[in-house]
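Okay, so here's the structure we're looking at.
Every read-out reported here was derived from the displayed coordinates using simple, explicitly stated rules and does not represent laboratory data. These numbers come from a predicted model, not from an experiment. Every residue, glycine as well, gets a Cβ built from its backbone with ideal geometry; the counts of neighbours run over all protein chains shown.
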Amino acid sequence: MTMRQLTVLGTASQVPTRHRNHNGYLLRWDDEVMLFDPGEGTQRQMLLAGLAVTPLRRICVTHFHGDHALGLPGIIQRISLDKVPHPVEVHYPAGGQEFFDRLRHATSFYDVADLQPVPVSDGFRVETSAGALTALPLRHSIETYGYRLAEPDSHRMVPSLLAAHGIAGPAIGELQRTGRLGRVTLEQVSAPRPGQRFAFVMDTGLCDNVFHLAEGADLLVIESTFLAEDAAMAAQVGHLTAGQAASVARQSGVRTLVLTHFSQRYADSTRFLDEARVEFNGDIVLAEDLLRVPVPPRLGSSDERASASRR
Ligand SMILES: [Zn+2]
Ligand SMILES: [Zn+2]
């Protein structure tokens, strides 16, 4: 199925609030369905969002603080209860193995879950049906990794160019496979189809890897724990301000920026948006629980041209 969409399940740092659950983000990228950082209550948030665990292929944990991982036991037991018929890979910092082992077996249950732990260390890379999933270490109080999903670049055939060269039917497939048909090359009848990219950057102070992860992302989900007035504390404890997160987006050529992981100390969350807007003039989404955020249409696609003409 072709659908690329993020469902935000929770947006609170440290403790849940009346309006914000602990973290939780479900990315549907066609058939690759990935759950990032299931904090406490994620199982119920999925219910409220109308999402089942059955399509889940992968769980990615950035680090073992409770607001990013306390939901693992519930999700794992639900995967077992619902008899998810395929393996589910689980990624988490390799140094946090003891935490994973405890959460994996937190209580007694009839365990038929086919969970496949693939811990993350520096240089991590796995191939998924959506492209390469990589991870880079971040700067936080404990071992933490950010994730990046990158679809390979490819090309799409342009019907008018094919027709102009008199290419039709099975010849199109041959041209795609071999890159050439007689004197016609693939480049003459196709247009580049840039791969789409998703980045997930949680608890961290500003560091080079934040930029490496975010580079050219169509959709960047990034923590925005603090406001500028608390920038000194943010740096000290390994967190970002909204302005810093937005500045990363600007410098990295991000298209849609999703701010999340808000501290409960601020009553008015629109201030995050105000501070981010100063730094970044692309699309900014202030995450709310149960919000759905589509991956923006591919650059150069007809969808993208249609949405541009509506602006
Ligand atoms: Zn956190
Ligand atoms: Zn943390």
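Over segment 104-189, the Kirkwood radius and the radius of gyration, each from Cα atoms, give a ratio Rg/Rh of 1.29.
Calculate, in whole percent, how much of the Cα-Cα pair population of segment 173-223 lies beyond 13 Å.
Value for segment 173-223: 67 percent of Cα pairs lie more than 13 Å apart.
Ranked by how many other Cβ atoms sit within 10 Å of their own Cβ, fewest first, the residues VAL120, VAL84 fall in the order VAL84, VAL120.
An ellipsoid equivalent to segment 32-73, defined through the eigenvalues of its Cα gyration tensor, has semi-axes of 17, 13, 6 Å when rounded to whole angstrom and sorted largest first.
Per-residue ellipticity at 222 nm computed for the chain from its helices equals -8000 deg cm²/dmol, with DSSP H segments shorter than 4 residues left out and the rest contributing -39,500 (n - 2.57). Extent of the chain along its three principal axes (Cα atoms, max minus min coordinate, largest first): 64, 51, 35 Å.
Of ARG183, ARG197, ARG177, how do they rank once you tally other Cβ atoms within 10 Å and put the fewest first? Don't skip to the end; give the middle numbers.
On the way: ARG183 7, ARG197 21, ARG177 10.
Arranged by neighbour count, lowest to highest, ARG183, ARG197, ARG177 become ARG183, ARG177, ARG197.
Considering all different alpha carbon pairs of segment 198-311, the Kirkwood hydrodynamic radius works out to 14.4 Å. Here segment 116-270 is described by how far its Cα atoms reach on the three principal axes: 65, 37, 23 Å, from widest to narrowest.
Just check segment 1-159 against the gyration tensor rule for me: Cα atoms, a ≥ b ≥ c as the square roots of the eigenvalues, rounded for a/c under 1.5, and otherwise prolate or oblate depending on whether a/b exceeds b/c. Mind showing how you got there, number by number?
Values: a/c = 1.45, a/b = 1.28, b/c = 1.13.
In terms of gyration-tensor shape, rounded.
Taking all C-alpha pairs of segment 1-83, those more than 18 Å from each other amount to 34 percent. Length, then width, then depth: along the principal axes, the Cα atoms of segment 57-135 run 35, 27, 17 Å.
Panel order for PHE100, PHE200, by other beta carbons found within 10 Å of each beta carbon, from fewest to most: PHE100, PHE200.
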